[in-house]
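What follows is a short report on a single structure.
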Amino acid sequence: FHGIISREQADEILAGIEGAYILRESQRQPGCYTLALRFGNQTLNYRLFYDGKHFVGEKRFESIHDLVTDGLITLYIETKASEYISKMTTNPIYEHIGYATLLREKVSRRLSRTKNESRKASVTSEENTPVEKITSLVRRAALTQNDNHFNYEKAHNFKVHTFRGPHWCEYCANFMWGLIAQGVRCSDCGLNVHKQCSKYVPNDCQPDLKRIKRVYCCDLTTLVKAHNTQRPMVVDSCIREIEARGLKSEGLYRVSGFTEHIEDVKMAFDRDGDKADISANIYPDINIIAGALKLYFRDLPIPVITYDTYSKFIEAAKISNPDERLEAIHEVLMLLPAAHYETLRYLMIHLKKVTLHEKENFMNAENLGIVFGPTLMRPPEDSTLATLNDMRYQKLIVQILIENEDVLF
């Protein structure tokens, strides 16, 4: 560290010594520190940050020496091989070998195990929704494109990663250079690629169950792709149980079950997945199962009605003409990710069944809208005022979805 010195002084000190570096405090901005590094017969200056580790950009190093070493490696490769680097993504091996091949093999193995269950689920789905009532034919065709596998598109969840030992990019098959943070890794499927290559990887992530540690609080699309199901197994299991023994229960979904028992159900799903036992022998109070289902929806990092579509649904709810409002809601439904659409469709079919027993359970579409409005949709910004202002429209959206599920879906 050379104290407060100018760029010119730093240049004089480092002149002629390739790879040398010093730290200095800025003359113009006291308290700001700069790394001056000699490379390619010129002095390069970088704003230096410290948060317990030294970093320039997004890489964090235990020492300045490690930061400089990594910087020199990166500068050397990017200088000597810039033309090659610019062409790395133009002829990728991604479609032919590496991750894509492993993915196909992994999916094939999984499909051989789940073939019967998938077909069964597909048949049940068709029974629940008569063909003559379907208006969203294109979306339905996409959902049932393959009898054995639910083809939901999912983007990779890339995070900067430090690889121990030599590592190669699974998109372009080239070496990933540097000491740390050499590339990115998908947290859901384990795909390893250069950061620049990650921009070209298609949205074909196939989450690995070994990496999905829980069921609740997990992204909806990630969960269904990991388990190769149409909908989250929590939704299927809870609805199946409620329809078997709770449709006539007074105040269904409005009456709360014991919080500690609902947490038990949550832990059972996180621990045992679709093998979780939520039968009457274990949980005789159906409100516990209903509470666990509502908790699942509340805990989703992205709500069933996504943040991207939230404002469009609210605007549609404000339309006064009923027919135009219904058409607007239908158009927004088409913008939902496939897994979210299918989950919402299945839930609305179930809630319609609940309303058919209104004489016993006292739960009509409006009451269910009050319960499920804030559960299924939340404003993108965490604003109490926005939530309060939108509550009546949230209720109205769910009410309309229930009352018109045979037309909208």
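The values are calculated or read from the model by the stated rules, or taken from the named source; none is laboratory data. This one's a predicted model, so the numbers in the text were calculated from it and none came from an experiment. Every residue, glycine among them, receives a Cβ derived from its backbone with ideal geometry; neighbour counts consider all protein chains shown. Surface areas here come from the heavy atoms of the whole protein model, side chains and all, with no ligands, DNA or RNA. Shrake-Rupley method; radii C 1.70, N 1.55, O 1.52, S 1.80 Å.
Here the accessible area is traced with a 1.4 Å probe on the protein chains. For segment 212-408, carbon and sulfur cover 51 percent of it. Does segment 7-87 classify as rounded, prolate or oblate by the C-alpha gyration tensor (a ≥ b ≥ c root eigenvalues; a/c under 1.5 gives rounded; else a/b over b/c gives prolate, otherwise oblate)? Oblate, since a/c reaches 1.5 and b/c is not below a/b. Counting heavy atoms of the protein chains alone, Cys217 has an accessible area of about 50 Å² for a 1.4 Å probe. Within a straight-line Cα-Cα reach of under 24 Å, Lys318 can be paired with the following lysines, leaving aside sequence neighbours fewer than 8 residues apart in one chain: Lys352, Lys395.
Accessible area per residue was computed with a 1.4 Å probe on protein heavy atoms; Met88 scores about 10 Å². Heavy-atom accessible area, probed at 1.4 angstrom with all protein chains present, ranks Asp188, Asp382 as Asp382, Asp188, highest first. Checking every one of the GluC sites (Glu not before Pro) in segment 170-260 against DSSP loop status and a limit of 14 other Cβ atoms within 10 Å picks out Glu250.
When the chain is treated as a Gaussian network with alpha carbon springs shorter than 10 Å, the biggest mean-square fluctuation among His194, His357, His156 belongs to His357. The structure shown yields Cα Rg over 2.2 N^0.38 Å, and of the options (i) 1.27; (ii) 1.47; (iii) 1.02 that calculated value carries the label (i). For Asp208, the residues whose modelled amide H falls within less than 5 Å of its own, excluding neighbours fewer than 5 places apart on the same chain, are Cys189. Rolling a 1.4 angstrom probe over the protein heavy atoms with all chains in place gives segment 230-372 an accessible area of 43 Å² per residue. Take Ser26: with every protein chain present and a 1.4 Å probe, its accessible area is about 20 Å². Among the trypsin sites (Lys or Arg not before Pro) in segment 154-232, those placed in a DSSP loop whose Cβ has at most 10 other Cβ atoms within 10 Å are Arg164, Lys210, Lys213.
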